[in-house]
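The structure appears right after this line, and notes come after that.
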Amino acid sequence: MSLRDAYADLILGAVCLGCGTAGRMLCPRCAAALPTTAYDTRPVPCPSGLARAAATAPYEGLVKAMVLGLKERQLLGLSRPLGDLLALAVGRLIAGTAPGSPVVLVPVPSRRSSVRARGFDSTRALATRAARVLEGDEVGRAAAARPIPVVPLLRTRVGLQDQAGLDASGRAANLAGALTCPAGGLRRLARTHPAALVVLCDDVITTGATAREAQRALADVGLPIVGIAAVAATVRRTLPVHPRGKLSPGVQGN
């Protein structure tokens, strides 16, 4: 254990989210095991008209623990490695676009009550880190033929419920008309970054309902998106079925 790790363990009681080693929230070995590439992903079932989406990992294991650690435990140090993962997904979506084309990252907003309770907007923090990574050539892309600003265009309506615990239909109903794109942000975007390529950013793609609503809100004001970038995506696994149509013993639906 390094002196830095020993200090963190003594003062903060920190342990690695991956292996439980005392010290940092993410030990060097677990950090090295994080994904280094992104892939295209689709929710199952997929909301009609959902744009291309990219993620870097299934929403499970270490990556899930990191996302929850940032959002629920305010482990702010995790915004850096999670932002690095988000940068991979953004990079995949904008690969092949004209090098001089401006790119804007639009974070999917959290509920206002969640932001107040946490003291920060986690998705915006991840998008900000991803933009810095991409501009600074930290993921192997050419640095910066173009700036990549983060522009929080979207707002949530009052009364939006927490999505946790809702199924696909419940999420879709809760999110119907939930996001708006105020005119002031649009005017600033048109003035500072005309003809920008817009990439939506989120931490996790679950059912795709949130991303689809954000996509709808931007489309309604004339802003098509290149795609949706996320750190992780929920994996929908096919359950083994008994010949008589029942779930096999020991298998539970979710």
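The values are calculated or read from the model by the stated rules, or taken from the named source; none is laboratory data. In this text, all values refer to a predicted model and were calculated from it rather than measured experimentally. Methodologically, a virtual Cβ is constructed for each residue, glycine included, from the backbone with ideal geometry; neighbour enumeration extends over all protein chains shown. Ligands, DNA and RNA are excluded from the accessible area calculation, which covers all protein heavy atoms including side chains. Shrake-Rupley method; radii C 1.70, N 1.55, O 1.52, S 1.80 Å.
Here is how the numbers come out for the structure above:
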read-out: Helices (runs of 4 or more DSSP H) within segment 1-101 that include 3 or more residues at pLDDT 95 or above and crowded, with 18+ Cβ neighbours inside 10 Å; value: 61-73, 79-94
read-out: Meets criteria (at pLDDT 85 or above, open to solvent by 30 Å² or more (accessible area, probe 1.4 Å), over 17 Å from Ala214 (Cα atoms) and charged (D, E, K, R)) for Arg124; value: no
read-out: Neighbours by Cβ (under 8 Å, 6+ apart or cross-chain): first from segment 188-213, closer than 27 Å to Leu78 by Cβ; second acidic (Asp, Glu) and not in a loop (DSSP other than H, G, I, E, B); value: Thr210/Asp202; Ala211/Asp202
